[in-house]
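One structure is given here, and the rest of the page talks about it.
FYI, it's all coordinate maths here, none of it is from the lab. This is a predicted model, so every value here is computed, not measured. All Cβ positions, glycine included, derive from the backbone under ideal geometry; neighbour counts span all protein chains shown.
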């Protein structure tokens, strides 16, 4: 029976000396980790979990920094047959009270058996909670000695069935934490089999380099589980280090001769702007065969900026690639730019906006350049439908539906929202797009989700925080994302109604909203606009219409500049 | 080079290039990092500003509120190294 533990055990028996992870940390020497070390240290965690009564199928919440401990604690859970789920660490910007609130709501839904964290974090965060987390045990990394010793062949993880849940994935924020995407062993394996074929992954030749966070599908699946389960060396650094020193991604690709890398769209702009020539001395990126843009809408201008900045360092245009992916399908739905260059589609802007059709532009008309995310990988079907669920023809824009043999088991302990996410066996992605000659193009979103730097943000979370500010009308706040050409991602904007006439009072409310939202969500607000009563557009049912207000805001900003 | 000049020049750069609010005045003791005024994606810009304006290197491990959190503290760091 094939499951995560059996694959790890097979690696332990047949490839124990293979260096599978190179762990990079700012200011320290790179640390190579062999399968033997990985699995033996992980089994120390597994034993500690078992001693405290953790059983196969129990959920473990890992609240750990991007560190070696996180890697061992994660695979320790797998070997113990438990279900690991990574919760983002508390950052200095976020208020501990807000973190507590999010954490408690996560615990309530997921009902984990235990939490794994550091001693200091327990003392400074969990012990300060007014209500103690309702879990059987809090494991502290410091209490788990990591020894090298032969592992037992009767690991509880080996008894897990292919359809059993192996892991949970959450996005951040109050709403995101309540939707834990539950994935089975077999779904993950089926995804890895097809996705790795789509990118022609070769354990003998490929090296993956990543800085991505592990609580997100792109980081967790493509740049952590896939390489480790399939035997492809992984060079990994922390997102915390990368964001402060983006050049390290390139010096690492160069020194390890990295071949594959996944990035959200904003990172193309970020890397194009925030790395200096002096930091790139001797860097050679010619080993890269695919730089895969994923988890945010792919922008033509972002690719061009990246190419211009790095072609002098050996980066090849043919390495520009893209994928459309989602946690509910484990990871990849499509893949493009591997066997042939990414397809660019020059479409008529006015027809697209007015008629929801993506037609090739004729000479002289205003155009939009769309970048394809490629074709569906082999085990995935993609369909585009209208509001009534009718299939649409090529080049008509509608909601993208996905069907595959690697879809998730459901949102953990949330049968209500799981049921709503499907239509006759098809997963409703909430993304808008179109298909042309088999290529899938993503054009926007049906749901109001904001994506900043690849991170999903639910507007309702930000709105409820802003409503707590005195002077703001309850229910009269709207949050949305506006695409920013310079950064290649969305700016988060809040518009709030307040009954204040003079501009000073308005400004003080704006400042208060900015501060409160930042401290309670760790989301940086780009712009807050306080408006008079009745500015915001409501739907016929009295709800604030996010999209209509976003359009009104954009017009307002243009007219006042 | 005096500290107040550095505070003024760096404050102006932050307002213009990071916050995109050219008129915004940042006071010498206003917290920059722990308050979230400078978000994590813009931390590296602080190092780039120090390097471009004064030729001073700030290591990425130092881009943290523990090392400096205000214009005042950043200016001191720049003076020490220039």
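Descriptive notes on the structure:
- Across the range A:305-367, the mean sequence separation of Cα contacts (distance under 8 Å, 6 or more residues apart), normalised by length, yields a relative contact order of 21 percent.
- In the range A:35-179, Cα pairs under 8 Å separated by at least six residues give a relative contact order of 32 percent.
- Projected area, mean over directions - the range A:234-386, Cα convex hull, nm²: 11.1 nm²
- Taking a ≥ b ≥ c as the square roots of the Cα gyration tensor eigenvalues, the range A:450-560 comes out rounded, since a/c falls below 1.5.
- Shape call, the protein assembly as shown: gyration tensor on alpha carbons, a/c limit 1.5: rounded
- Per-bin percent of Cα-Cα distances, the range B:3-81 [10 Å]: 19, 63, 18, 0
- Tensor-based shape of the range A:111-264 (alpha-carbon gyration tensor, a/c under 1.5 rounded, otherwise prolate or oblate): prolate
- Virtual spin-label span in nm between residue A:470 and residue A:132, 7 Å along Cα→Cβ: 3.7 nm
- Cα-Cα P(r), the range A:338-445, percent of pairs per 5 Å interval: 2, 12, 21, 20, 18, 12, 8, 5, 2, 1, 0
- Scattering profile of the range A:35-179 at q = 0.09, 0.16, 0.20 Å⁻¹ [log10 I(q)/I(0), Debye over alpha-carbon scatterers]: -0.26, -0.82, -1.24
- Mean Cα-pair separation over length for chain A, i.e. relative contact order, pairs under 8 Å, 6 or more apart, %: 11 percent
- Shielding by partners, peptide A:24-35 (average Cβ within 10 angstrom, other chains): 1
- Exposure proxy order (Cβ contacts within 10 Å, fewest to most) of A:429, A:34: A:34, A:429
- Peptide B:60-66 shows a mean partner chain C-beta count of 4 within 10 Å per residue C-beta.
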